[in-house]
1. Just checking, does the range 18-33 include any residue being in a loop (DSSP other than H, G, I, E, B), open to solvent by 10 Å² or more (accessible area, probe 1.4 Å), among the aliphatic types (A, V, I, L, M) and closer than 29 Å to ALA148 by Cβ?
2. Kindly indicate the residue of the range 151-175 that is over 17 Å from the mean Cα position of the chain (by Cα) and part of a loop (DSSP other than H, G, I, E, B) and also modelled with the lowest pLDDT among those meeting that condition.
3. Mind checking which pairs have a first residue in the range 171-193 that is in contact (Cβ under 8 Å) with a residue 24 or more places away in the chain and a second that is open to solvent by 10 Å² or more (accessible area, probe 1.4 Å) and of a type in the set (Asp, Glu), Cβ under 6 Å, 6 or more apart or different chains?
4. Mind checking which residues of the range 93-122 are surrounded by fewer than 21 Cβ atoms within 10 Å (Cβ to Cβ) and under 16 Å from ALA148 (Cβ atoms)?
5. I'd like the full set of residues that are open to solvent by 50 Å² or more (accessible area, probe 1.4 Å) and among the polar types (S, T, N, Q), limited to the range 169-188.
6. Among the listed residues GLY49, GLY90, identify the single one that is on the phi < 0 side of the Ramachandran plot and either surrounded by 14 or more Cβ atoms within 10 Å (Cβ to Cβ) or at pLDDT 95 or above (or both).
7. Looking at GLU75, is it open to solvent by 30 Å² or more (accessible area, probe 1.4 Å), on the phi < 0 side of the Ramachandran plot, in contact (Cβ under 8 Å) with a residue 60 or more places away in the chain and charged (D, E, K, R)?
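The values are calculated or read from the model by the stated rules, or taken from the named source; none is laboratory data. In this text the structure is predicted, and so the values were computed from the model without any measurement. All Cβ positions, even for glycine, are placed from backbone atoms using ideal geometry, and neighbour counts span all protein chains on display. Note: accessible area is taken over every heavy atom of the protein model, side chains too, but ligands, DNA and RNA are not part of it. Shrake-Rupley method; radii C 1.70, N 1.55, O 1.52, S 1.80 Å.
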Amino acid sequence: MKDTFNHAIVRTPGANFADGLTTVSLGTPDFATVLQQHAAYCEALEECGLTLTTLPADLHHPDSTFVEDTAVLTEDLAVLTRPGAHPRAGEVESIRSTIAAFYPKPHQIKAPGTLDGGDICEAGSHFFIGVSHRTNPEGARQLAALLAPHGYTSSIIDVRGMTTILHLKSGIACIGDNTLVVMEEMAANEQFCNYQRIVVPARDTYAANCVRVNDRVLIAAGFPQLAADLTQRGFHPLVLDMSEFQKMDGGLSCLSLRFLYS
C-alpha cells in the first residue's frame, strides 16, 4: 500500500481537558498522563511518516484536542463540520484558518444540519456516514452532496439506537485492503457484506476505533486479541495507551485530522 497520508493536524490538550463532554463514567483524566499519551500519539504519527501541524491548547473548548470532529478531509476536498453538541460549536471557527492553509476553499455544513467528523468513515472512494445524536440526517445529506461531485459515493448508517457508542467511528474503522474492524453489534450490517471483517467482541468495543496510517494500524492498548488478529492478516499494529482519552469518549481517530497534502 502506498502512503495514504503525509500530514496531520493535532491540538495539544488544555489544562481543562477534564471539563469536556463525556457519556461514560470511567473517572477523571489525569492531566499529566493526558499530555504523555498525546505526545506518544504524535510521535507515532511521525513514525508513520506524517508531518504534523500542532495547534496550541484552546482553553475555551475543553474537547478541542479531538480535532477530527471539526472537518472531513479528502485529497481534494475539505468540509468544515457543524458539531451536534452546542458547547463544541466554536471549535470549527478556531481551526478554520489552519484548514484553509491547506484547502483554500473549504466547504461548510450549514444549519439546520449538524455533523461531527467522528461519524464519518472513509472506505476508499466510499463514505459511511453515521447519523447519531451528534450528526443529523440533514448534515449527512449535505456531506453526501458535497462528496458526490468529487467521485465519492456514500451511505447512511443510523446509530441513534445504539447505547454503546457515541459516533459511528467508535464502532468501525476501515484499515485498507478492503478490510473493516467492526464492533460485534454492527458486524452483520448488510452494507459491510463486500468487506473482509475483523469483528471486535462486545467487551472490547473500544478497540474498534483504530486507525490505518500508511503501513501501520494504530490500536489502543489492552486488546491483545485484536493485535493478534491484525498481525495474522498481515497488518502491522502500533499499540498506544489511550486510557485518559477513553474517559472523555475519545479514541485514536479523534485526535488528528490526517490527509495527503501536495
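1. First, pick out the residues of the range 18-33 that are in a loop (DSSP other than H, G, I, E, B): 20-30.
Next cut, open to solvent by 10 Å² or more (accessible area, probe 1.4 Å) only: 20-30.
Next cut, among the aliphatic types (A, V, I, L, M) only: 21, 24, 26.
Restricting the remaining residues to those that are closer than 29 Å to ALA148 by Cβ gives none.
There is no residue in the range 18-33 that is in a loop (DSSP other than H, G, I, E, B), open to solvent by 10 Å² or more (accessible area, probe 1.4 Å), among the aliphatic types (A, V, I, L, M) and closer than 29 Å to ALA148 by Cβ.
2. Applying the filter and picking the extreme gives THR163.
3. If the second residue must be open to solvent by 10 Å² or more (accessible area, probe 1.4 Å) and of a type in the set (Asp, Glu), no pairs are left.
4. If the condition is that a residue be surrounded by fewer than 21 Cβ atoms within 10 Å (Cβ to Cβ) and under 16 Å from ALA148 (Cβ atoms), then HIS107, GLY113, GLU122 are the ones that fit.
5. First, pick out the residues of the range 169-188 that are open to solvent by 50 Å² or more (accessible area, probe 1.4 Å): 177-178, 184-185, 188.
Of everything in the range 169-188, just one residue is open to solvent by 50 Å² or more (accessible area, probe 1.4 Å) and among the polar types (S, T, N, Q), namely ASN178.
6. Numbers: GLY49 fails: on the phi < 0 side of the Ramachandran plot.
Testing whether each residue is on the phi < 0 side of the Ramachandran plot and either surrounded by 14 or more Cβ atoms within 10 Å (Cβ to Cβ) or at pLDDT 95 or above (or both) leaves just GLY90.
7. yes
Per-residue answers, yes or no, for (1) of a type outside the set (Ser, Thr, Tyr); (2) farther than 27 Å from HIS107 by Cα; (3) surrounded by 15 or more Cβ atoms within 10 Å (Cβ to Cβ):
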position: GLY151; (1), (2), (3): yes, no, no
position: HIS167; (1), (2), (3): yes, no, yes
position: GLU190; (1), (2), (3): yes, yes, no
position: CYS193; (1), (2), (3): yes, yes, no
position: ALA207; (1), (2), (3): yes, yes, yes
